[in-house]
Amino acid sequence: MFRKVLVANRGEIAVRIIRACHELDISTVAVYSEADRESLHVHMADEAVCIGPAVPARSYLNIPALISAAKVTASEAIHPGYGFLAENAYFAKMCTTYGITFIGPTSRTIELAGNKIEARHIASQVGVPVIPGTEFPLVDEYQVKEAVKQLGLPVIIKASAGGGGRGMRVVHTSEEIMDIVARAQTEAENAFGRKDVYLEKYIEEPRHIEFQLLADSFGQVIHLGERDCSVQRRHQKLIEEAPCPVLTSEMRQEIGELSVKLGKAINLRSAATVEYLMDKTGNFYFIEINPRIQVEHGITEFVTGIDLVREQIRLAAGERLELKQEDISWVGCAMECRINAEDPDHDFRPSPGSLKNYLAPGGPGVRVDSVACPGYNIPFHYDSMIAKVIVHARTRPEAINRMKRSLKEMVVDGVKTTIPFHLRVLSNAFFIQGEVNTNFVQRRLGE
Ligand code: ADP
């Protein structure tokens, strides 16, 4: 096992990783930008290194600074968390070059997963249903028109290198399509460094259902069931739950096994998530595979009792999966609300600032992952999530009540938050019935 791990991230996920390391008796190194000098992850780690100014390109995305920090502190491994460099194949390769273990899949796997067109190819080769769409990057008008003829409108244009819900556009009429393709290509090149875009059939009102995978370096891959992340706004997840309220155990087994096949096909090691859309008639379609820990991993931890970050570290250290597929079982219902410093009354605009007061909820079955505390100043340079409130209960209605109770108990003074929005969702009759899809927020709450 490693003696020392550097955490190449900030915020709640840095704290989450530090906790897992300390439980494994691993010493930790935090890195921080000048804006995060007083952040909780810096205080919790055994050592801390400043890696640059607030702007991410010069700190949390600064590969030479991170590798140097690992070297001077004699760290044996780097955990990238999510976001920032977690899916950067070059960073994973640089870690290996400098003799540091990257806690994640190999750079080749990250590369495959990061190219959505390629990932779709591999998925269909192993029998995973993919959304009908173009198999190559779009190049000319003829090809676009032919694709639209075959697929029928509406379609969605996606960047092959896209992520985080960005770079997607729904197209309803064929007159506008060429303009939108051109704009999407320029945007993709600016945002992701690659201009490849492709077309997919737009699925009306689907559920977003994703499967958690774990894999060791000996070719063993298992799945830990699914998470339903259908409550979204503008393709950003807001509430997640496990299990999915409408999935049967037969479907769980079938899609779980397909996901494992895909994991094996890309030589997965560590943790990854296979994302699907489920249409109104129950058909599943692969959308992408994320080769990293996800924000919403905590709900899977609650229902399976497995510490995913601990597993990532163990597996990166070359240990075997201790559990077989038949050892995995799921207990109760877990739910997560992402508490963002945003104003739900004003189009969810960011509300950065200082927390005058802060109190996290507690009690049975409640977990809060956060770096917030009274006086915490939310930097505007990074994402606006200030806490993840995660609850676990025996049944879904009990989980909903526990979440409502927790959010009412929570005190966040000084900035606007998404708590009132979450309380509205939790009291919505359709949500209570489990009738959600990715258009729920727009259609049922008018957001
Ligand atoms: P990203 O990598 O940016 O997160 P995804 O491909 O995972 O993008 O899609 C994010 C969300 O966008 C999905 O959860 C869903 O709400 C919506 N979406 C993506 N593809 C489609 C599609 N073909 N039809 C309808 N909605 C889609």
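Some values worked out for this structure:
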read-out	value
Descending semi-axes in Å of region 77-155, equivalent ellipsoid built from Cα gyration tensor	35, 13, 11
Solvent-accessible ranking of Glu241, Glu87, largest area first, probe 1.4 Å	Glu87, Glu241
Within a Gaussian network of the chain (alpha carbon springs, distance under 10 Å), most fluctuating of Lys158, Lys149, Lys356	Lys149
For the chain, accessible area per residue (1.4 Å probe, heavy atoms of protein chains only), Å²	41
Within-14-Å neighbourhood charge of Met178 [Cβ basis; K, R +1; D, E -1]	-3
Label point distance in nm, Arg194-Asp140, each placed 7 Å from Cα along Cα→Cβ	2.4
Charge context of Phe380, other residues only, Cβ under 13 angstrom, K/R +1, D/E -1	-2
Rel. contact order, % - alpha carbon contacts under 8 angstrom, at least six apart, the chain	14
For region 146-151, Karplus couplings with θ = phi - 60° (6.51, -1.76, 1.60), whole Hz, Gly/Pro x	4, 4, 5, 4, 6, 7
Neighbourhood charge, 9 Å Cβ-Cβ cut-off, centred on Gly167 and excluding it, Lys, Arg +1 and Asp, Glu -1	+2
Mean separation of Cα contacts under 8 Å, 6 or more apart, over the residue count of region 275-368: relative contact order %	17
C-alpha center-to-center spacing [region 199-246, region 22-95] in angstrom	28
Shape of the chain, Cα gyration tensor, a/c cut at 1.5	rounded
Estimated [θ] at 222 nm from DSSP helical runs (n ≥ 4, -39500 (n - 2.57)) normalised by residues in the chain, nearest 500	-9500 deg cm²/dmol
Sequence ranges 138-144, 397-403, ranked by mean other-Cβ count within 10 angstrom, highest first	397-403, 138-144
For region 1-102, size of Cβ-based charge dipole, Lys and Arg +1, Asp and Glu -1, in debye	240
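The values are calculated or read from the model by the stated rules, or taken from the named source; none is laboratory data. In this text, all values refer to a predicted model and were calculated from it rather than measured experimentally. Glycine also receives a Cβ, built like all others from the backbone with ideal geometry; neighbour counts cover every protein chain displayed. Note: accessible area is taken over every heavy atom of the protein model, side chains too, but ligands, DNA and RNA are not part of it. Shrake-Rupley method; radii C 1.70, N 1.55, O 1.52, S 1.80 Å.
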